[in-house]
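Written out below as structure tokens is the structure these notes cover.
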Amino acid sequence: MNTNRTRTPIFLPALLATMLGAGCSDDPQAGPGGSTGEGSTGSTTQDDDDSDTGEKLDVGNDSGSMPVGCNGDSDCELIDVLFVIDNSGTMGEEQLNLAANFPRLIERLTNLENSGGESVNADVNIMVTTSDFGHPLCTSFQSEDYRPAKGSPVYTGCNSRMSSFSNTDPFNPMSIPEACTEACPEDIAPGGDTFIHFDGQGSNVAMGDVSGALSCVAPQGINGCGYEAPLESMLQALRPEACWNDPEAEGCDEDPTWGWVGRGFIRPGSTLAIAIITDESDCSVRGPEGYSWFTDTDNDEYWLDNPNTEGPLPSSAICWQAGTNCQDEDGDGVFESCEVDDDNPVLHPTTRYKEFLSYLQAELSVEVVMLGVLGIPPVTAHAPTAPFEPTEGGVADLQYRNWRDGEYDGTDQGGDILPSDWASGLTADHKQWEFGVGPGCTGTDAEGNFTGQAMPPVRIREVCESLNEEAIDGSTKVRCCMESICDDDFSVAMDCLTGIIQEVINPVG
């Protein structure tokens, strides 16, 4: 979460001026192996305008084959789970929290039941990627060997990526190796695949330690870009023609990064569960032109005034300013409403992601569900039966507003600035410039220590809630669950995710 940090080097005006004057032609393509992927089906791109108009992607050649692990068993329940995990500098504690709850997730998936109360033959794939799609304002702060994942799978143990658990920020250097080692003292990883797989016959993990493998693969570190793009990363991860989804697609056997892949992640007929874990607003930039709104002084419409320079500078607030339309009719700093603004030149419209998920549902016959662990107040009550959806707190208590000056004390009368930030001289003006909106929640650990603050979601919320369906009786079929990233225990989030999966497999009523 966001604590003691700014994203743009406000004390390096010369460097910033150089970056701003250069403009933006950066359309990053590289995957985690360093390959550009250009010209291959394994590449990830953002620069095609056709994708915004609903152009359909090619379905992989594997769409008619038998699912691996089921051996043609019609009772087999295919479940494909994608985790999109924020790997920016404020996410160390949250990754620890997540890894601690993976044994619970695996246990719940293993014990899913059919309508007769019997354990189903669950055939599960779990893939992990990051929220980092690359950004020109992050490049200067990345190590030479770092490559944004851009939706491609991360499948190695975190100990082999230990450099990811430190950042190179000269103003706020951080290192949190325990985000890896506490849950993964020794690497366990899947063999032969870009994802973890298990079913009734076994797994692709040595000694069958599936939860141990997930606790090792899922921590992504804190050296990723602070302009998080979880929605675009989700889309690129799930493209049916990507080599990690269809290794038989044209050119995949010659792809230098993904040519070794033998079987794909996403499978026709599966329940596709997407989990997005982030503490910031989505910033899926409409590249390459969209980046100019961060780097070109002629495109400063969404820049806010930086208190240190007393003039407009780019920051994460651009993502909020461009992607959201908020109303504050009485001018009290509390917004009566905040809605997605898809009519902007900076970010991909949310229709891109809603239409893509609808496409997957139609073309691959998958049932899509989503969990968002996001910047919303903690949920205070859940339904007692599957899908265990929130019934009190959470999104219902979310308030969109500007930052309030003063030290945070947990009351409505107090300010929003965490004690350490307040002591260092940061004010509401600094935070407003940095993020564009006040915090959706403030987190503490079991000892009462502050773990940071998270920004409210609007774009991710829009996509998630679009998955809910209306039943014949007028009730809602829950396909979206949102929990608070400020919780110190993500067990309820894992229960909500598996509860929705259970509801898809065995609908109530």
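The values are calculated or read from the model by the stated rules, or taken from the named source; none is laboratory data. Computed from a predicted model, the values in this text were never measured in an experiment. Backbone-built Cβ (ideal geometry, glycine too); neighbour counts: all protein chains shown. Note: accessible area is taken over every heavy atom of the protein model, side chains too, but ligands, DNA and RNA are not part of it. Shrake-Rupley method; radii C 1.70, N 1.55, O 1.52, S 1.80 Å.
Near the amide H of G393, within less than 5 Å, lie the amide hydrogens of T380, all on another chain or at least 5 residues away, with H placed in the peptide plane.
Distance from the Cα centroid of the stretch 136-164 to that of the stretch 340-387 is 26 Å (rounded to whole angstrom).
Stretching the chain fully between D489 and T385 yields a gain of 35.5 nm (0.36 nm per residue, less the alpha carbon separation). Across the stretch 372-470 the C-alpha pair distances fall into 10 Å bins from zero in the proportions 14, 42, 29, 13, 2, 0 percent. Taken per residue, the accessible surface of the stretch 345-480 reaches 40 Å², heavy atoms only and a 1.4 Å probe.
Protein heavy-atom surface of the stretch 119-182, 1.4 angstrom probe: 52% of the accessible area is carbon and sulfur, with nucleic acids and ligands not counted.
Applied to the stretch 126-131, the Karplus parametrisation 6.51 cos²θ - 1.76 cosθ + 1.60 on θ = phi - 60° returns per-residue 3J(HN,Hα) values of 10, 10, 10, 9, 9, 8 Hz, with x for Gly and Pro. Separation of the stretch 396-469 from the stretch 221-279 is 31 Å, based on Cα centroids.
Couplings for the stretch 443-456, taken from phi via the Karplus curve 6.51 cos²θ - 1.76 cosθ + 1.60 with θ = phi - 60°, read x, 9, 8, 5, 8, x, 7, 5, 9, x, 9, 10, 8, x Hz in order; Gly and Pro are left as x. With a cut-off of 11 Å on the backbone N, the residues of the stretch 124-143 near the modelled label site 7 Å out from S163 along Cα-Cβ are 143. Here the gap between M207 and Q399, fully extended at 0.36 nm per residue and compared with their Cα-Cα distance, gives a gain of 64.4 nm.
Shape summary of the stretch 181-270, radius of gyration then Dmax from alpha carbon positions: 15.0, 41 Å. Using C-alpha pairs below 8 Å separated by at least 6 residues, the relative contact order for the stretch 124-172 is 44 percent. FRET efficiency for E186 and E329, Cβ-Cβ distance as r, R0 = 56 Å, nearest 0.05? E(calc), rounded to 0.05, equals 0.45. Electrostatic tally near E329: other residues with Cβ closer than 15 Å to its Cβ, Lys and Arg +1, Asp and Glu -1, net -4.
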